[in-house]
Amino acid sequence: MNLEIDRAAFEEHRLRDAFALVGGFGRLHLAYRAPGQRRTIGPPLGRVVGELVVVAGDPQCRGLDRIGGRVVVDESVLNLVHGHGPDVTRTRGRCACGLRRIRRRTASAPNDAWNDGAMSQPDFDADLPARIGEALTDFLDGAAATIVRTEPAFTSATDTLRDFVLGGGKRLRPTFAWWAWRGAGGDPAGEDTRGVLQAVSSLELIQACALIHDDVLDSSDSRRGSPTVHVAFAAEHARSSWLGSPDQFGLAAAVLIGDLALAWADDMFADAPLPADVLRRARPAWRSMRSELMAGQYLDVRTQATGDESVDAALRINLLKTAAYTVQRPLHLGASLAGAGEDVVGPLLTFGGDIGVAFQLRDDLLGVFGDPSVTGKPAGDDLREGKRTLLVALGLQLARERGTDTAVLDSALGTPDLTDEHVDRVRELLTDVGAVAEVERRIDTLTDSALTALDDAQLADPAPKSLTALAVKATQRTH
C-alpha cells in the first residue's frame, strides 16, 4: 500500500522538504523528527498506508510518541497536507500536492471497504501467513539496522537470524494465537489489529530460538534442507582459517543467535502498538510459554542422559516442550489479548494441550518414517540423537511384552553413524510390534478430544472452523 505522489506537484508547492515518504509496514505515519527524539502529530488519525515524515518545526507536533512514531492516519490526509504548503487545493479525490485522499471508513461500510473506493482494508484472515511475514520483516529489518550500525561485524549473525525466520516455517504458533484472538472477540478491522499481529508474530522468534538451540543440543547437521546454524558458522570459520576450533565457534555463534532471537521476541512483543492494559493481560501467557519451553528442553536432555524409556516421561516432554509453546500458550496469548475469561481460556488450553501432543506424536513418526526430501531432515535423526520419544517408548514396551528382541532398537538409539539399513530394521520392528498403530490411534483420540474442548470454548465465527482446520493440518501433516 503506497501513497501516490506527483513529484512535480510536491516541488511546486514547496512540500519536498516538508514531507518525506519512506517505507513502512502498511502505515501512514505523520511524525516529527528531531535529534534523539521522535514525536507524533496530534491524536491517532486513522487508516494505514505508508510512512509520511514531517520535518522539525511543525506547529502541530506535540507529545512523546511512546509507540515508535507509528501513528495511523484517519479521515483525509488533505487537511494535514494543506497546513504545510501554500495554495493547496482539492481536486476530485486528490489534493493538488498529489496525495490521494484517504477517507474514514463509515459505520455502514463493510469491514473490508473504504468509502472513497481507493483503498481496501487488508483481509488479515485470508492472507494471515503473508501478513505475519510482513510484520516479521518490518521488525527484523529495524532491529538489525540498529545493532549493526553499532557493530558491523554482527551483520552475519543478524542476517542469519533474519534468513532463518523468514526462510521457512509453518507459522502455526502466531496462527493459533490469531484465531484465538478472533474467536474471543478480536475485530480484524479494529484499531488494535496491527498491534495484535505484531504481538502474535513475535512467537516466530521464540520458535527460532528453540530450533537453533535444539539443533545444537541434538548435534543436527541440517534443517529445512540446509546446514544448521552451528554447522554453517563452523564452515565459515574453517573457510576463513580463523584461530581456534571451527566447531566450537559454530556452537558459540548458534547459542548467541538463538539468544538474540529470544531477546528480540521479547522486544517485538513488548513494543507492539497496543494499549498497556492489553499487553499486561497477555504477559502471564507469554511468561509461562517461555519457562515451559525451557523446562521441556531441559527435560528432553535429562531424559536422554538418564535413559528413561517410560511412556510417561515421553508424554511429559511432549506436553512441555511442544504442546505448551506450539499450541496451548499461543492460544492463551491470543485469547488474553482479546480479554477472554476462564470460560474461554480453560477449554482452549485443553484443546491446545491435546492438539500439541498430537502434533508432536506426528513429528515422532516423521522423525523415523518421514521422507527427507519433504521433512528437510535425514530420516532416523531422532534415533541417532537418542531421543526417547513416545514412539520409541511404546516400541520398547510392546516388544518386551511380546517377548520380541529389542536389540535392533536399543543399538540404534544414540548412534551418530546409524545407517539407512539399520533405520529400515527399526521401522520394521516398530511396525510389527504395533507401536506405529498405537501412536496413530493416540493422535486420532487426542484430536477428537481436542475438538470437543474447542466446541466448549464457544468461540465466535469463523474461528472454530479455522482452528479445526489447523488441528487437522498439524496432526495429519507430512513434514
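Quick note: the coordinates plus some simple rules give every number you see, no bench work behind them. Owing to the predicted nature of the structure, the values given are computational and were not obtained by experimental measurement. Cβ coordinates were reconstructed from backbone atoms using ideal geometry, including for glycine residues, and neighbour counts include every protein chain displayed.
For the range 261-420, what is the Kirkwood estimate of the hydrodynamic radius, computed as the reciprocal of the mean inverse distance between distinct Cα atoms, to one decimal in Å? Spell out each step's value before the answer.
Values: mean 1/r = 0.0570 Å⁻¹.
For the range 261-420, inverting the mean 1/r across all distinct Cα pairs yields 17.5 Å.
Model label points for D141 and D277, set 7 angstrom from Cα along the Cα-to-Cβ axis, are 3.5 nm apart. Return the tail of the calculated pair distribution for the range 326-479, meaning the percent of Cα-Cα pairs more than 20 Å apart. Summing the P(r) tail past 20 Å for the range 326-479 gives 54 percent. Mean separation of Cα pairs under 8 Å and 6 or more residues apart, divided by the residue count, gives the range 380-426 a relative contact order of 51 percent. Taking the average, over residues, of other Cβ atoms within 10 Å as the packing measure, peptides 259-270, 207-218 rank 207-218, 259-270 from highest down. Phi-derived couplings, Karplus 6.51 cos²θ - 1.76 cosθ + 1.60 at θ = phi - 60°, listed residue by residue for the range 459-475: 7, 6, 5, x, 4, x, 5, 5, 5, 5, 4, 5, 4, 5, 4, 6, 9 Hz, with x used for Gly and Pro. Database remark: amide H of S222 closer than 5 angstrom to the amide H of T228 (H placed geometrically; neighbours at sequence offset of 5 or more, or on other chains; Pro and chain starts carry no H). Only Cα sites of the range 209-264 enter the Debye sum here, all with the same form factor; the resulting log10 I(q)/I(0) across q = 0.15, 0.25, 0.29 1/Å is -0.38, -0.93, -1.11, listed in q order.
Here each label is just a point 7 Å from Cα along the line to Cβ, and for E342 and S226 those points are 4.6 nm apart.
Starting with the highest mean, order 381-388, 282-289 by the number of other Cβ atoms within 10 Å, averaged over the residues of each peptide.
Numbers: 381-388: 21.6, 282-289: 18.2.
Going from most to least packed, we get 381-388, 282-289.
A simple spin-label model places pseudo-atoms 7 Å from Cα toward Cβ; at D125 and S240 they are separated by 4.9 nm.
Segment A469..D259, full-extension length gain: 72.3 nm, with 0.36 nm per residue of separation and the alpha-carbon distance subtracted. Separation of the range 415-479 from the range 130-204 is 27 Å, based on Cα centroids. Backbone phi angles across the range 345-355, fed through the Karplus curve with coefficients 6.51, -1.76 and 1.60 (θ = phi - 60°), yield HN-Hα couplings of 4, x, x, 5, 5, 5, 4, x, x, 5, 5 Hz in residue order; Gly and Pro are listed as x.
Under 28 Å of direct C-alpha separation, and excluding same-chain neighbours fewer than eight residues apart, K377 reaches these lysines: K170, K321, K387, K473.
3J(HN,Hα) couplings calculated from phi for the range 313-329 with the Karplus curve 6.51 cos²θ - 1.76 cosθ + 1.60 (θ = phi - 60°) are, in sequence order, 5, 4, 5, 5, 4, 4, 5, 7, 6, 10, 4, 5, 8, 8, 10, 4, 6 Hz; Gly and Pro show x.
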